[in-house]
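Worksheet for the structure shown next.
The values are calculated or read from the model by the stated rules, or taken from the named source; none is laboratory data. Just so we're clear, the structure is a prediction, and the values are computed from it rather than from any experiment. Cβ atoms come from the backbone with ideal geometry, glycine included; neighbour counts cover every protein chain shown.
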Amino acid sequence: MNYMLPMSAILVKKEQETPDICTLHLALGRERPFVFHFGQFNMLYLFGVGEVPISIMGWRDGHLMHTIRAVGHVTRPLSDLAEGSQIGLRGPFGHGWPLEQLEGRDLVFITAGLGCAPVVAAIHYAVRNKDKYGRIIILQGVKHHQDLLWQQQYDKWREVKDCQVLLAASRETQRKQRWRLGLVTGLLELAEFNPKHCTVMMCGPEMMMVSSLKYLADLNVPEEAIYMTLERNFQCGVGSCGHCQLGPYFVCKDGPVFHYPQIKQWFGLRGV
Ligand SMILES: Cc1cc2nc3c(=O)[nH]c(=O)nc-3n(C[C@H](O)[C@H](O)[C@H](O)COP(=O)(O)OP(=O)(O)OC[C@H]3O[C@@H](n4cnc5c(N)ncnc54)[C@H](O)[C@@H]3O)c2cc1C
């Protein structure tokens with residue numbers, strides 16, 4: 001199978017989540033089978049414009065979902081596409097979350113901003129298979145409470161037994177019911193999980209993850225229990241362009257989900 005060859009995908013539905021974030025629902029062509037793991041990403045190709053790595057957000061009604069923030073020369077026109085448009089898609093690429101290996105453990109998801117997108121499918125899976133896991137802790141941080149994507153979904157997770165949902169808004173000035181003012185890391189002191197028997201999965205700005213590591217160390221969560229997904233600007237998705245090198249690793253093919261001890265030496269270093 002040639003992963004450099006894009007397959008076709010039709011935009012069947014677009015949901016505008018916020019003014020600059022939308023979710024694309026894609027019907028895949030039949031060029032080849034498509035099987036993915038939660039946490040993997042695709043390269044989305046807008047013909048004549050360029051390609052960008054975007055995490056797989058989920059799969060619903062036979063359609064693949066990607067949630068995209070319009071930031072630059074590919075993501076803006078991609079977000080402006082009309083339903084019915086065709087794009088190219090390569091993937092899935094990289095390693096996902098090791099959910100099958102985590103049975104019996106408490107799961108702690110720490111995300112900020114659009115960092116919820118690469119994690120949301122893993123949370124859905126864990127909640128659907130709740131009997132296989134211990135407690136499920138979902139911590140999400142945003143700037144303002146109205147920036148939260150999928151509010152109803154978080155409300156539903158809140159109702160699940162042994163599932164704790166905690167939300168933080170860092171730039172809110174007025175206290176809101178069920179919201180904590182401040183950073184997502186501050187929520188860790190409210191989270192109820194067994195630090196000796198948990199696995200943490202993180203996604204968001206790197207400073208948030210660096211800071212979370214310190215909080216987790218204070219809570220005696222072992223480094224071996226921590227996974228994180230990283231973002232780098234790259235072109236190929238298969239370790240050829242070299243733009244996403246991280247020490248001896250490439251984020252595209254050795255990540256984007258990494259076991260923290262694997263990359264500890266290079267993680268959070270400026271310029272790496
Ligand atoms: C594995 C992976 C998964 C991703 N998943 C998602 C996702 O689910 N949803 C989503 O919206 N985005 C995601 N991204 C980020 C997305 O790929 C970039 O936003 C996109 O490449 C920007 O391309 P552009 O051509 O539109 O912007 P450009 O015109 O290239 O850049 C616009 C601005 O964004 C900055 N920028 C571009 N790419 C990155 C980057 N990767 N990291 C930091 N700054 C960057 C540039 O420096 C510039 O300031 C992911 C990235 C990776 C590596």
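Just for the range 22-51: of the residues that are among the aliphatic types (A, V, I, L, M) and out of contact with any Asp or Glu (no Cβ under 9 Å at 6 or more places or on another chain), which one is farthest from Met65 (Cα to Cα)? Top of the filtered list is Val49. Residues in the range 83-113 that are more than 16 Å from Val257 (Cβ to Cβ) and in contact with a Lys or Arg (Cβ under 8 Å, 6 or more places away or on another chain) were compared, and the one that is nearest to the ligand (Cβ to nearest atom) is Gly113. Taken over the range 213-256, the residue count meeting the criterion of being touching a strand residue (DSSP E or B) at 6+ places or on another chain (Cβ under 8 Å), part of a loop (DSSP other than H, G, I, E, B) and of a type in the set (A, V, I, L, M) is 3. Do we have Leu190 as among the aliphatic types (A, V, I, L, M) and in contact with a helix residue (DSSP H, G or I) (Cβ under 6 Å, 6 or more places away or on another chain) here? No: the conditions fail for Leu190. Would you confirm whether or not the range 16-27 contains a residue that is away from the ligand (no atom under 16 Å from the Cβ), farther than 20 Å from Lys253 by Cβ, free of Cβ contacts under 8 Å to residues at least 24 places away in the same chain and not small (Gly, Ala, Ser)? Checked against the condition, which is being away from the ligand (no atom under 16 Å from the Cβ), farther than 20 Å from Lys253 by Cβ, free of Cβ contacts under 8 Å to residues at least 24 places away in the same chain and not small (Gly, Ala, Ser), the range 16-27 yields no hits at all. From the list Val120, Val127, pick out the single residue that is out of contact with any Pro (no Cβ under 8 Å at 6 or more places or on another chain), hydrophobic (A, V, I, L, M, F, W, C), in a helix (DSSP H, G or I) and more than 30 Å from Phe250 (Cα to Cα). Just a single option satisfies the conditions, and that option is Val127. Among the residues of the range 219-241, write down those that are away from the ligand (no atom under 13 Å from the Cβ) and within 22 Å of Met201 (Cβ to Cβ). Answer for the range 219-241, where residues must be away from the ligand (no atom under 13 Å from the Cβ) and within 22 Å of Met201 (Cβ to Cβ): Leu219, Asn220, Val221, Pro222, Glu223, Glu224, Ala225, Ile226, Tyr227.
Among the conditions (1) outside the structural domain of Arg30 (by TED's automatic domain parsing); (2) surrounded by fewer than 20 Cβ atoms within 10 Å (Cβ to Cβ), Ala82 misses just one, which is (1). Give me the residue from the range 57-79 that is more than 8 Å from the ligand (Cβ to nearest atom) and aliphatic (A, V, I, L, M) and, out of that set, surrounded by the fewest Cβ atoms within 10 Å (Cβ to Cβ). Looking at the filtered set, the residue picked out is Met65.
Quick check: anything in the range 58-78 within 17 Å of Ala117 (Cβ to Cβ) and touching a Cys at 6+ places or on another chain (Cβ under 7 Å)? Yes: one or more hits.
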